[in-house]
Every structure is written in structure tokens, then in C-alpha cells.
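The values are calculated or read from the model by the stated rules, or taken from the named source; none is laboratory data. Here the structure is a predicted model, which means the values were calculated and not measured. Methodologically, a virtual Cβ is constructed for each residue, glycine included, from the backbone with ideal geometry; neighbour enumeration extends over all protein chains shown.
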């Protein structure tokens with residue numbers, strides 16, 4: 001599986017394109033806008049977009065979902081717990097000084113335990129109070145915000161400890177913002193986690 005990302009929008013959010021080099025199928029994760037970059041990459045690599053996913057409903061992770069779905073006819077998925085974010089997109093756009101973001105049509109929910117297929121690769125869905133691939137759950141040297149509606153610091157730490165830090169040390173963590181990291185690095189040096197016993 002190939003993984004490519006673009007940094008987009010005023011929040012410097014990472015939009016990922018996962019693709020299978022043999023079948024030429026592709027998935028987009030967290031379409032934060034600037035869809036012309038995605039479309040150009042898909043065309044250059046001769047990829048067929050089969051699905052669009054958002055790890056959560058924050059505006060920076062869904063700003064391009066409506067347009068990308070309309071242009072490609074690929075299905076769009078978002079966990080049901082995050083649908084309430086879609087009701088306030090126009091207010092969030094104004095609040096953050098962004099152009100209006102249209103509400104994407106959600107074709108299906110993405111849920112804990114689901115297994116997605118991309119070519120010959122199986123992708124397991126692990127629900128966290130945030131997201132994994134990992135969106136805004138875990139960062140290089142930090143953790144996701146819990147001061148926004150729906151945030152819960154205790155739940156976030158518990159999820160990181162029980163769902164992420166139990167994974168292989170060498171696993172590359174693809175964050176929603178900032179540089180990549182590894183499970184081992186975060187387990188050893190992340191100041192939000194080193195004082196937490198696990």
C-alpha cells in the first residue's frame with residue numbers, strides 16, 4: 001500500500017491518500033480542502049477513488065468532503081458520533097474565517113471493528129475519541145485537544161493507552177497535523193503519556 005499526504009488549509013491539516021499500486025484503487029482520509037491537489041494526484045497515478053473517510057467531524061478534516069464526493073462519486077463515511085459537527089458547518093466557517101463549507105452527504109458510518117479492503121490490503125478500524133490514522137488523537141510529543149465539545153481528557157488518555165500504546169513499537173503514526181511519529185517514541189517521550197502508568 002502506498003501512503004501519500006498533502007498539508008492543506010489554514011489549520012495545516014493532513015489529507016491522506018492510500019492506494020494499492022496493483023489494483024489502482026485509492027481511499028482519501030480527511031479531505032480538508034484543496035481538492036485540486038487530490039484530483040491531480042489521482043490522475044497522475046491513474047488511481048480510482050473508491051472511498052472518502054473523515055476520522056472525525058472537525059471542519060479542517062471535512063472541508064473538502066462535499067465537493068470531492070460530488071466530483072468523484074466515491075462514497076463518504078464518517079462515524080455516527082461525529083454527525084453533530086455537520087449541523088454547525090456554516091457557523092464554524094464564520095468562526096474560523098473560512099469560506100462556507102457545505103455539508104457532505106454521509107453514505108455510511110465507519111465503526112470500531114470494521115475491516116476495510118483496499119486492493120489486497122485489509123485496514124482495521126479502531127475507534128478512539130478522536131481517530132486513528134490517527135487524526136487528532138495523538139501527535140508527535142502531544143495529544144489531541146479535549147476542550148472542544150465532545151472532548152474528554154480521561155477518555156482520550158484511556159483510549160491512547162489501551163488502543164494505541166498496545167500496538168507494535170515500530171508502527172508509524174500518521175497524525176492529522178505535524179510530523180509522523182512512532183508508537184515507541186510516544187510511549188517513551190510524550191509528556192502527556194510518560195507520567196501515566198500503563
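Among the numbered conditions (1) within 18 Å of the chain's Cα centre (by Cα); (2) closer than 22 Å to residue 11 by Cβ; (3) modelled with pLDDT under 80, tell me where residue 147 comes up short.
(1)
When residues of the stretch 161-198 are filtered for being exposed (fewer than 13 other Cβ atoms within 10 Å of the Cβ), at pLDDT below 85 and outside any loop (DSSP other than H, G, I, E, B), how many remain?
2
So that you can scan it fast, the table gives a plain yes or no per residue for (1) surrounded by fewer than 14 Cβ atoms within 10 Å (Cβ to Cβ); (2) part of a loop (DSSP other than H, G, I, E, B):
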position: 17; (1), (2): no, no
position: 31; (1), (2): no, yes
position: 46; (1), (2): yes, yes
position: 49; (1), (2): no, no
position: 94; (1), (2): yes, no
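Being surrounded by fewer than 24 Cβ atoms within 10 Å (Cβ to Cβ) and at pLDDT 95 or above is the filter here; which residues of the stretch 51-67 pass it?
51, 66, 67
What is the one condition in (1) in contact with a strand residue (DSSP E or B) (Cβ under 8 Å, 6 or more places away or on another chain); (2) free of Cβ contacts under 8 Å to residues at least 12 places away in the same chain; (3) part of a loop (DSSP other than H, G, I, E, B) that residue 100 does not satisfy?
Evaluating residue 100 over (1) in contact with a strand residue (DSSP E or B) (Cβ under 8 Å, 6 or more places away or on another chain); (2) free of Cβ contacts under 8 Å to residues at least 12 places away in the same chain; (3) part of a loop (DSSP other than H, G, I, E, B) leaves (1) as the failure.
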